[in-house]
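Accompanying notes for the structure given below.
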Amino acid sequence: MDEYRAREVLRRSRQKIDGIDRDILDLITSRIALAREIAEAKEVLGMEILDPERELQIIERTRKIARENGIDENKLTELMKILMDLSKTEQKEMLRRQ
């Protein structure tokens, strides 16, 4: 690969990553919207926000996906825990405002 080709690959790859990042952020926004709906349902059903069994299922699924794709399990699990924390925070805030 020559320098021109390398710069072109770098430029195109970065553009693709920017698009993927936008998609990820859109998906996180959708995930938060669903978490709000779940909070409403949990409130009606008298359930707690925290659901350790559900969280364990998510973590196990995340680890499996990480292994299958050669991704660091711990890092991907950390990322998923951040997303779950974000969802729980949104749910708690929503219920507090009601």
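List of remarks:
- Within the range 33-46, residues that are among the basic types (K, R) reach partners that are assigned to a loop (DSSP other than H, G, I, E, B) and crowded, with 16+ Cβ neighbours inside 10 Å with beta carbons closer than 8 Å, at six or more positions or on different chains, in the pairs K42/I49.
- The set of residues in the range 52-90 that are more than 17 Å from L27 (Cα to Cα) and touching a residue at least 24 places away in the same chain (Cβ under 8 Å) contains only E55.
- Being within 21 Å of I82 (Cα to Cα), out of contact with any Gly (no Cβ under 8 Å at 6 or more places or on another chain) and surrounded by 10 or more Cβ atoms within 10 Å (Cβ to Cβ) is true of A35.
- Residue count for the range 1-48 satisfying the condition of being farther than 16 Å from R96 by Cα and assigned to a loop (DSSP other than H, G, I, E, B): 2.
- Residue tally, condition modelled with pLDDT of 95 or more, among the β-branched types (V, I, T) and exposed (fewer than 14 other Cβ atoms within 10 Å of the Cβ), over the range 72-89: 1
- Of all the numbered requirements in (1) of a type outside the set (V, I, T); (2) surrounded by 11 or more Cβ atoms within 10 Å (Cβ to Cβ); (3) under 19 Å from T89 (Cβ atoms), Q57 misses one, and that requirement is (3).
- Enumeration of residues in the range 49-71 that are assigned to a loop (DSSP other than H, G, I, E, B), modelled with pLDDT of 95 or more and closer than 24 Å to I38 by Cα: none
The values are calculated or read from the model by the stated rules, or taken from the named source; none is laboratory data. Just so we're clear, the structure is a prediction, and the values are computed from it rather than from any experiment. Cβ: placed from backbone, ideal geometry, glycine included. Neighbour counts: every protein chain shown.
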